[in-house]
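Q: Take a look at the following structure, please.
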Amino acid sequence: MNRSAATDDDQVPNVFIQKQNEFLRKGSQNYQRWMSEETAVGHLESETVSVAISVQNTFHSVTMVLQGFLSGFCAAHVFISFSYVQNEEGISFDVVSPYIQSVLYVCFTLSAIAAFDRFETGPSFKENIKRALLMQHGGLAICIWMLGNVANLLATTSEQLVFSDQPVDNLTFGTVNVWRYLCVARACLAILGWLLMALQPNHNHLRQRLLAIKGK
């Protein structure tokens, strides 16, 4: 073979890249092209991770504000429930009750999602269940917000019975009391869940994993 017919890879030094138990031979031009592609892919992955971190931080900031609002709103709702008198003629609370229930549903659901998002998952499904039951690695927040959702469902169901179109005489004193106690339980769980997440702002396993990926 003539020297003039030699390829570029034969004329320039070769680059050897270690790959597991072997060395991969590349010409310098191919190596530079490969490095450029790897740099572009790495830059794209870094930008994607940065967007994911930004979205998660925004979501948790919004849910934190919603949880504070939810705690105060549930506490005010407790005051309203104990101030309610069956035979009193005044503002018809049943008109605004569906809107209040919708707001509470949204706030409790988003709070539960935020708690799951912070949960430190284990290597297996069994380990995740164990951590949740033992209230470890963020499992306590999940339990509180799930119980809050249950209390909210029961409270809204009782509220619908209290403010239904049936005659007031058909309502027993126990029904109203059950509604009041459920409102108290809902408010306590909302306040406890909010304080638990607010006092542990850095307990966010998913964000830590994203930051670790970005730092590579």
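We did not get these values from a lab; they are worked out from the coordinates using the rules stated. None of the values given here were measured: they were computed from a predicted structure. Note that each Cβ is placed from the backbone with ideal geometry, even for glycine, and that neighbours are counted across all protein chains shown.
Q: Ordered by packing density, taken as the mean number of other Cβ atoms within 10 Å over each peptide's residues, highest first, how do 111-119, 186-194 rank? Let's see the in-between values first.
A: Details: 111-119: 19.9, 186-194: 23.3.
By packing density, highest mean first, the sequence is 186-194, 111-119.
Q: Roughly how many nanometres apart are two label points built 7 Å out from the Cα toward the Cβ at residue 160 and residue 75?
A: 3.0
Q: Along segment 67-77, what does the Karplus equation 6.51 cos²θ - 1.76 cosθ + 1.60 (θ = phi - 60°) give for ³J(HN,Hα), rounded to whole Hz, x for Gly and Pro?
A: The phi angles translate into 5, x, 5, 4, 4, x, 5, 5, 5, 5, 5 Hz.
Q: Modelled label-to-label distance, residue 47 and residue 129, 7 Å Cα→beta-carbon offset: nm?
A: Taking the simple label geometry, residue 47 and residue 129 are separated by 4.4 nm.
Q: To continue, here is another question. Please report the net charge: other residues with Cβ closer than 13 Å to the Cβ of residue 151, K and R +1, D and E -1.
A: Details: positive: 180, 186; negative: 159.
For residues surrounding residue 151, the net value is +1.
Q: Using each residue's phi in segment 175-185, evaluate 6.51 cos²θ - 1.76 cosθ + 1.60 at θ = phi - 60° and report the 3J(HN,Hα) Karplus result to the nearest Hz, with x for Gly and Pro.
A: 4, 5, 5, 4, 4, 5, 5, 5, 5, 5, 4
Q: Oh, and also: In which sequence would 97, 164 go, from the one with the fewest C-beta neighbours within 10 Å to the one with the most?
A: By the 10 Å Cβ count, ascending: 164, 97.
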